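What follows is calculated from the coordinates using simple rules that are stated; it is not laboratory data. Just so we're clear, the structure is a prediction, and the values are computed from it rather than from any experiment. Cβ placement follows ideal geometry from the backbone for every residue including glycine, while neighbour counts extend to all protein chains displayed.
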Amino acid sequence: MKERMNIVVVGHVDHGKSTLIGRLLADTNSLPVGKLEQIKKTCELNAKPFEYAFLLDALVDEQTQGITIDTARIFFKTKKREYIIIDAPGHIEFLKNMISGAARAEAAILLIDAHEGIAENTKRHAYMLSLLGINQIIVAVNKMDLVDFSESRFNQIKNDYSKYLNEININPVEYVPISAFHGLNLIEHSNKMSWYKGKTILELIDSFEKEKEEEENDFRMFVQGVYKFTENGDNRRIIAGTINSGTINVGDEIIFLPSQKKSIVKSIEIFGKEAPLFAIAEQAIGLTLTTQIYVKPGDLICRIDQQLPYATNRFVANIFWMGKNNLSIHKKYKLKIGTNKAGVSIEAIKSVMNASTLKKENYREEVHRNEVAQIIFRTDKPISFDLFSKIKSTGRFVIVDEYDIAGGGIIIEALEEKEELV
Ligand code: GDP
């Protein structure tokens, strides 16, 4: 099987995300036979100008029929690997999906409309990528045809944007002038912009490196469900989940946190496969154990021979707030980390920053929509987690306010447990 990589295309609305994705699919021959012609024909019949965005809509519609998935998955292939493009209609959905684990982007293309220039969202998106630890980034300056392929316009955007990116510690792999609609500098170099000597979009994504980190890290898996079955008259249990990081082997001694119950892996089950002797990050598996212990969804499974995560009710996190209501130190929320849930309140809002202007204020009582804050959280029971810098998927969480995901965060420091209420 070819190596796979997940990438996300982000940008302000109308800056050309769907066009870029549609064009990449078309130009790498990754579309179903006849699809492009079919959409072009429908446009003609309806006297509408053809848009690559229609192509993408049609593909997404077909994929999602009958199945509910949060993020549509769109594939294209190069000689080197297969790419899955995570369609992120808006930054809220993207952050939600990334933090809840529904989507896992390893690299990003950030789009800017050359004609319109840098929008507030262009800055917020970059901030979110940095918050999520995605540091393989291409900045594509799109619609170069609308600015007469001007090198000085390109340089102006590049200079302005790099100033912002430097402040948030992002160093893009490259800035590329493109026209998504006309397919320029995507697959092949365009002679309309011969002043650009760098690589094309496709060359650049093929030069991205695959994240090995998750497989090589310590083993973590949140229990998703526990199912009972009978084997030779015995009642047995299978513990299901998707591996967050690391490797698990038959015979490994494991611990469930926070309960601290221990057991040994008797078998690993993977749907449709002969029971394997080991499984790795991102695989959905079931475990049977040598002993009968009572565990529940939300428990975090770790290997005893490896470093264990933190288990406490206090930690410091950087969060991005997207809620309709402000985040307030006087309210209670729900926190979800993996499949685990806990009640949470705020001990202190240490600092708040506007994600597009980067203006910072200390010690406020509320965080507004589109602001980033550093907060001390207190959960109503001890929870298990890692620092985001060690393991991404067990170091990030979402905050739920009145049933909606209203914020996402990454844990930067574990604090000593305290019992008294905030
Ligand atoms: P999205 O909202 O970011 O997905 O943007 P779309 O892909 O829907 O593009 C918005 C509009 O910009 C559409 O009408 C596209 O045809 C147009 N567009 C996209 N790329 C280019 C380009 O390179 N040049 C020009 N002139 N128009 C473009």
Violating pairs (Cα-Cα greater than 32 angstrom) within the set K79/K336; K324/K350; K17/K273: K79/K336; K17/K273
Ranked M322, M193, M98, criterion: other C-beta atoms within 10 Å, fewest first: M193, M322, M98
Centre separation in Å (Cα based) which lies between segment 166-219 and segment 279-342: 34 Å
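Neighbour counts of other C-beta atoms within 10 Å: give me I21, I170 arranged from fewest to most.
The most exposed by this proxy come first: I170, I21.
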Antiparallel DSSP beta bridges within the chain, percent to nearest 5: 80 percent
Relative contact order of the chain, defined on C-alpha pairs under 8 angstrom at six or more residues apart (%): 13 percent
Percentage relative contact order, segment 139-293, counting C-alpha pairs under 8 Å, at least six apart: 16 percent
Those GluC sites (Glu not before Pro) in segment 262-356 that DSSP places in a loop and that have at most 16 other beta carbons within 10 Å: E274, E282
Order of D27, D252, D234 under a 10 Å beta carbon neighbour criterion, fewest first: D234, D27, D252
Global form of the chain, assessed from the alpha-carbon gyration tensor, a/c cut-off 1.5: oblate
FRET efficiency estimate (nearest 0.05) - Cβ-Cβ, D234 to S207, R0 56 angstrom: 0.55
FRET efficiency estimate (nearest 0.05) - Cβ-Cβ, K332 to D404, R0 22 angstrom: 0.90
Sum of side-chain charges, S263 neighbourhood, beta-carbon under 11 Å (Lys, Arg +1; Asp, Glu -1): +2
Fraction of beta bridges assigned by DSSP in segment 79-187 that are antiparallel (%, nearest 5): 10 percent
K359 paired with F271, simple spin-label distance in nm, labels 7 Å along Cα-to-beta-carbon: 5.0 nm
Residue of I112, I85, I304 that the Gaussian network model of the chain assigns the largest fluctuation, springs spanning Cα pairs under 10 Å: I304
